[in-house]
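Have a look at the structure below, then the notes.
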Amino acid sequence: MVQTFKQYRIKHILGITGGSIMALYDALYNQDIQPITFRHEQGAIHAAEAFARVSGRPAVVAVTSGPGATNLVTGLANAYMDSAPVVAITGQVPTSVFGRDGFQETDILGVVTPITKFAYQVKKAEEAVAAFKTAYEISIIGRPGPTLVDIPRDIQLAAAPDREEKIPVNREKFIPPPPDEDKLRLAAKYLIEARRPVVLVGGGVLWSGATPEVLELSRMLYAPIVSTLPGKAAVPHDYPLYMGPAGMHGRAEADAALANADVILAVGTRFSDRTWGRFKELQESVRSGRVKLIHIDIDKSEIGKNVKPTIGVVADAKEALGTLLKFVDAGAQRDEKFMSWLLEIRKKYEEAMSKVADTSKAFHPWRVLKVLRRAAPRNTITTTGVGSHQMWAEVAWEVFEPGTFITSAGLGTMGFCVPAALGAKLADPTRPVLCIDGDGSFQMTMNNLALVREYDLPIVVTIFDNRALQLVKQWQIYLYKRRIIATEFGKMPDFMKIAEAYDIEGVKPESYDQLEKAVAKALRNNEALIVDLTIDSEEDIVLPWVKPGDWLTSALLPEGVNTKLVYEN
C-alpha cells in the first residue's frame, strides 16, 4: 500500500493513528511519506480538502475505526457538497469479529455511502491496493468528490499477495460525454440575441480550469459575470464585468443581474437555494420564455434537478465553453444601460457601507476585510470559517488569483477555517495563508493550531470576535422578534492566551492601522499570527440579505442604498 502511495506521488498522510490503522502507519516508518498528526480527525479531513484545492490532487487521510472513522463524516459531507477530491482510509476491526459489536466497530460504509462517490470495504488482501487505486482515481474522474476505503486490521497485517484483484466499478458513469454541438449552437444563438445576458459561474468552472473561457465569453458578449459562493474563487475580481457572488448574502448588483437577465448561462453550478432564494420565479420565467436558461454541468444529475433549463448540456465546463466560443460572435446588440445600472448599485452599496463603518464603535467587518485585503499579497490563499464573518467575506473579500479563496459553501461547516488554512499551507508552503474566522467557528477546531509549530505551517488567523453565533443571532433579530437565545457567549476564552499556549504571536489591535501593519508583516515574513478583533454584535448585521425563501429582488439593503433591484428599461 505504501509503495502505491509513492507511485501516486503522495508525500503526506493526514490523520490520527489508532489500533485499527496502526499497521498502515507502521508501514510508513522510515519511508519518504510524512504522517501529519492532527488533534481531531475532523481537522485532518478539512485540511485534506484544502490541500486538494490548492494542489489540484487528492489528499489522503488515514484514521482508525469507530470514532476515528465517524469523526470524518462531517468533512466527507463537506467535500461531497463542494466537490473536492479526498481519499479516506479507515481502519476496521478484524473480519473475525464482524457483526459482533467489537470494540470500536462501526459500519462506516453504511454511514458514508450517501456522501461519497465510492466507498468500499476490503475483504481480502488481494483487493487492498486495487481498492485504493480505484478510490484515488474515482475521486478525480468527472465531478471531483470524496471516496473511502475501509480496511480491517487482519487484512492490513496479511502477507502481501502476489496478485492484485480488480474492483468491479463502472468508471464510465463518472465520465461526461463530449458536449452536444447542436445544443451549444442554439445556446450561442440565444446569447447573441440577448439584450441582458448574464454568465453564472459555479465551482465547477474552477475545477475544470475554465476561467479563461468564461472571461473570453463575457468579453465577446459584453455580459456581466455573477458567481455562486464556491464560484467566487473562479473569477479574478478586478475583471470589470464581474458583479460578485449572488444569493442570500451576495452582492446587490449580482442579485439584480440574475433577477433581471433575459438569458442566463449557468456553468458548473447546482442551482443552490442559497444562490436563488427560491426557484419559483426563475422556473416560471423559463417556462414562459421570458428567460432562456442554459445550464452546463459535468454531472447529468444536476441538469433539471432544481430548475428545468431551456437547454441542458452535460459536459466538462472547459470543453463545453471552448466549443460554445466557436459559435459566438461579438456583434450582438446589448442594453448598455443595464450594465450602468448594475455598476450604480455597486457604487451606492460601497458608499453606504463606508458610512456605516465610519460610525462603528468597534472594528466593522466590512472595513476590516478591506484593510486585510490591502495587507495581503495578491497570491494569498484565504480560508474562512462559517458564520457572519464568512458572509462578510462573500460580499467584501476580493479574489485576484483563481483558486485562492477556500470556504465551506454547501454544508456550511463551522470549524473549517483553521484546518483548511493548515492544509493549504501544507500544499504550498511558499504562499501566504490567511484564515478569516469567527470566534464561534474558531473554537471548534482551534486545537489543531498545535500543527503550526510542530510542522512549520505558519498561518495568520484573524478572529472576528463578537462573542456570539452572529449569523444565527441576526436571524433571531429579524425573524424571531429579537428573542435572543443560545447565540451569545461569555468572555471566555482569552484568545491571546490561546495564542501563547501554542507559541504563536498574538495581537489585539486598537486601530485599523495597527491591524494592517501586523498582518502585512506576518504574511510578508511568513510568520504565524493570531489577531483578535473586537466586533460589536449589535452592529454586525450582514447586508445585503435575502431572507430564507425570498426572491432575489427582495434583498434587504443597507440604509442609503435606495435602489430597487428590479430593472426598468
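The values are calculated or read from the model by the stated rules, or taken from the named source; none is laboratory data. Bear in mind that the values here come from a model prediction, so they are computed numbers and not experimental data. Every residue, glycine as well, gets a Cβ built from its backbone with ideal geometry; the counts of neighbours run over all protein chains shown. Note: accessible area is taken over every heavy atom of the protein model, side chains too, but ligands, DNA and RNA are not part of it. Shrake-Rupley method; radii C 1.70, N 1.55, O 1.52, S 1.80 Å.
Say the dipole of the chain comes from +1 at the beta carbon of Lys and Arg and -1 at that of Asp and Glu; which of G43, C417, L342 then lies farthest toward its positive end?
Checked the options; the winner is L342.
Under the rule of at least 5 residues apart or a separate chain, name every residue whose amide H is placed under 5 Å from the amide H of G244.
Placed amide hydrogens put S227 under 5 Å from G244.
Regarding region 445-569, what whole-number volume in Å³ per residue does the convex hull of its Cα atoms give?
Taking the convex hull of the Cα positions in region 445-569, it is 184 Å³ per residue.
Which order do R467, R100 take by accessible area at a 1.4 Å probe, largest first?
From most exposed to least exposed: R100, R467.
Within the chain, which DSSP H helices have Cα atoms that stretch 30 Å or more along the helix axis and a mean Kyte-Doolittle hydropathy of at least -1.0?
336-358
Keeping every protein chain present and rolling a 1.4 Å probe, give me the accessible area per residue for region 253-324 in Å².
Computed with neighbouring chains in place, this is 36 Å² per residue.
Rank-order 246-256, 201-211 by packing density, defined as the average count of other C-beta atoms within 10 Å over each peptide's residues, highest first.
246-256, 201-211
From the helices alone, meaning DSSP H stretches of at least four residues, give me the mean residue ellipticity at 222 nm for the chain, per-run term -39500 (n - 2.57), in deg cm²/dmol to the nearest 500.
-11500 deg cm²/dmol, from helical runs alone.
Taking a temperature of 4 °C and a viscosity of 1.567 mPa s, what whole-number D in µm²/s does Stokes-Einstein yield for region 347-410 with Rh from Kirkwood over alpha carbon pairs?
Diffusion coefficient, whole number: 102 µm²/s.
Taking the Cα centre as origin and putting +1 on Lys and Arg beta-carbons and -1 on Asp and Glu beta-carbons, what dipole magnitude results for the chain, to the nearest 20 debye?
It comes to approximately 960 debye.
Suppose accessible area is computed on protein heavy atoms with a 1.4 Å probe; arrange H46, H237 from highest to lowest.
H237, H46
When the Cα centres of region 1-49 and region 294-320 are compared, how far apart do they sit, in Å?
Centre-to-centre distance over Cα atoms comes out at 37 Å.
Based on the Cα atoms of region 30-172, what semi-axes does the equivalent ellipsoid have, where each is the square root of 5 times one gyration tensor eigenvalue, given in whole Å with the largest first?
22, 18, 15
Given the options Q470, L523, V286, identify the residue whose Cα lies farthest towards the positive end of the charge dipole of the chain (+1 on Cβ of Lys, Arg; -1 on Cβ of Asp, Glu).
Of the candidates, V286 comes out farthest on the positive side.
Between the DSSP loop rule and a limit of at most 11 other Cβ atoms within 10 Å, which chymotrypsin sites (Phe, Trp or Tyr not before Pro) in region 1-81 are left?
Qualifying residues, ordered by number: Y29.
Please compute the Cα-Cα pair-distance distribution of region 494-544 with 10 Å bins starting at 0, giving whole percents from short to long.
Using 10 Å bins, I get a P(r) of 23, 43, 27, 7 for region 494-544.
Plugging the Kirkwood radius over Cα pairs into Stokes-Einstein for region 376-491, at a temperature of 25 °C and a viscosity of 0.890 mPa s, what D comes out in µm²/s?
Rounded, D is 166 µm²/s.
Need one number: the % of Cα-Cα pairs in region 236-304 sitting beyond the 14 Å mark.
64 percent
How many percent of the accessible area of the chain is carbon or sulfur, using a 1.4 Å probe?
Of the solvent-accessible surface of the chain, carbon and sulfur hold 50 percent.
Could you give the dipole magnitude of region 418-569 about its Cα centre, charging the beta-carbon of Lys and Arg +1 and that of Asp and Glu -1, in debye to the nearest 20?
Taking the Cα centre of region 418-569 as origin, the dipole is about 400 debye.
I need the peptides 385-398, 178-191 ranked by packing, meaning the mean over residues of other C-beta atoms within 10 angstrom, with the highest value on top.
385-398, 178-191
Over region 455-554, how many pairs of lysines fall under 19 Å by alpha carbon, counting only those 8 or more apart in sequence or from different chains?
8
Ratio of alpha-carbon Rg to the 2.2 N^0.38 Å globular estimate for region 336-383, to two decimals, please.
Ratio of Cα Rg to 2.2 N^0.38 Å: 1.48.
Give the dimensionless ratio obtained when the Cα radius of gyration of region 300-425 is divided by 2.2 N^0.38 Å.
The reported ratio for this selection is 1.41.
For region 102-188, compute the orientation-averaged projected area of the C-alpha convex hull (one quarter of its surface), in nm².
Mean shadow area of the hull around the Cα atoms is 7.8 nm².
Report, by chain and number, residues whose modeled amide H sits under 5 Å from the one on I530, excluding near sequence neighbours (fewer than 5 apart, same chain).
HN-HN under 5 Å from I530: V461, E505, G506, V507.
Sorted by accessible area with a 1.4 angstrom probe, largest first, how do E49, E454 fall?
So the residues, ranked largest to smallest area, are E454, E49.
Which net charge results for the neighbourhood of R100, defined as the other residues with beta-carbon distances under 15 angstrom from its beta-carbon, given Lys and Arg at +1 and Asp and Glu at -1?
Within the 15 Å Cβ shell, the charges total -3.
Considering all projection directions equally, how large on average is the shadow of the alpha-carbon convex hull of region 230-344, in square nanometres?
One quarter of the hull surface, i.e. the mean projection, equals 7.6 nm².
Run through region 464-535 and list the GluC sites (Glu not before Pro) located in a DSSP loop whose Cβ has at most 15 other Cβ atoms within 10 Å.
E510, E527
Å³ per residue of the Cα convex hull, for the chain?
Dividing the Cα hull volume of the chain by its residues yields 154 Å³.
Compute, for F279, the solvent-accessible surface of its heavy atoms (probe 1.4 Å) with the complete set of protein chains present, and express it in square angstrom to the nearest 10.
Around 50 Å² of this residue is reachable by solvent.
Hey, how many Å between the Cα centroid of region 540-558 and the Cα centroid of region 420-435?
With region 540-558 and region 420-435 each reduced to a Cα centre, they are spaced 33 Å.
Just the projected area, averaged over all directions, of the convex hull on the alpha carbon atoms of region 64-121: how many nm²?
Mean shadow area of the hull around the Cα atoms is 3.7 nm².
Out of residues 5 or more away from Q121 or on other chains, whose amide H comes under 5 Å of its own, with H placed 1.01 Å from N in the peptide plane?
Result for Q121 returns D150.
Quick check: Cα centre of region 159-222 to Cα centre of region 115-134, how many Å?
28 Å
If you wrap a convex hull around the Cα atoms of region 1-111, how much volume per residue is inside, in Å³?
99 Å³
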